[in-house]
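The values are calculated or read from the model by the stated rules, or taken from the named source; none is laboratory data. On a predicted model such as this, the values are computed, not experimentally measured, just so you know. Note: ideal-geometry Cβ built from the backbone for every residue, glycine included; neighbour counts use all protein chains shown.
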Amino acid sequence: MNSKQHSERAVSNCGKALNVLGWCLPALLGFAAFLSAFPIDSDIPFWSRLSFAEVLSGWFLLASPVAIAVAIFNFAKYKNLFAIPSRWFLIATMSVAIFLNAFVLIGLYFAALG
């Protein structure tokens, strides 16, 4: 394999890795929004029928799991193309996204109970 083919393959693999990372962003950025939205039981200023907790619950129940599932599907589809360090980084990122999503959902569930 010459150097041109090797560099083209590296660029396409980088794009595929960024695709997987991009699909993990809804969970990661949603967690950042969750941390910045405290107190979450207050109403949204421009829409008084909703509270921040309801919006965050919908986000972490609907949008974030779908995005994580797409990221896992893309990773499984292209995992043989990634180098070992990239593969472990992507696995760690997806694991953190799943953990944060579950953490927020469990926290919101127990907050709604009490």
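What to note about this one:
- Residue list for the range 93-114, filter: touching a residue at least 12 places away in the same chain (Cβ under 8 Å) and more than 19 Å from Phe38 (Cβ to Cβ): Thr93, Met94, Val96, Ala97, Ile98
- Within the range 35-67, considering residues that are under 26 Å from Met94 (Cβ atoms) and in contact with a Phe, Trp or Tyr (Cβ under 7 Å, 6 or more places away or on another chain), the one modelled with the highest pLDDT: Ala67
- Count - residues of the range 69-92 that are under 15 Å from Ala27 (Cα atoms) and either among the small types (Gly, Ala, Ser) or surrounded by fewer than 19 Cβ atoms within 10 Å (Cβ to Cβ) (or both): 6
- Residues that are aliphatic (A, V, I, L, M) and in contact with a helix residue (DSSP H, G or I) (Cβ under 7 Å, 6 or more places away or on another chain) were ranked within the range 93-110; the one that is modelled with the lowest pLDDT is Leu108.
- Screening Gln5 on (1) more than 18 Å from Leu108 (Cα to Cα); (2) at pLDDT 95 or above shows it passes everything except condition (2).
- Here the range 29-68 is the region considered, the condition is being of a type in the set (Asp, Glu) and within 12 Å of Leu108 (Cβ to Cβ), and the residue that is surrounded by the most Cβ atoms within 10 Å (Cβ to Cβ) is Glu54.
- Qualifying position, being touching a residue at least 24 places away in the same chain (Cβ under 8 Å) and in a helix (DSSP H, G or I), among Ala32, Ala69, Ala76, Ala53: Ala53
- Test for Leu90: is it at pLDDT below 90 and over 18 Å from Phe34 (Cβ atoms): no
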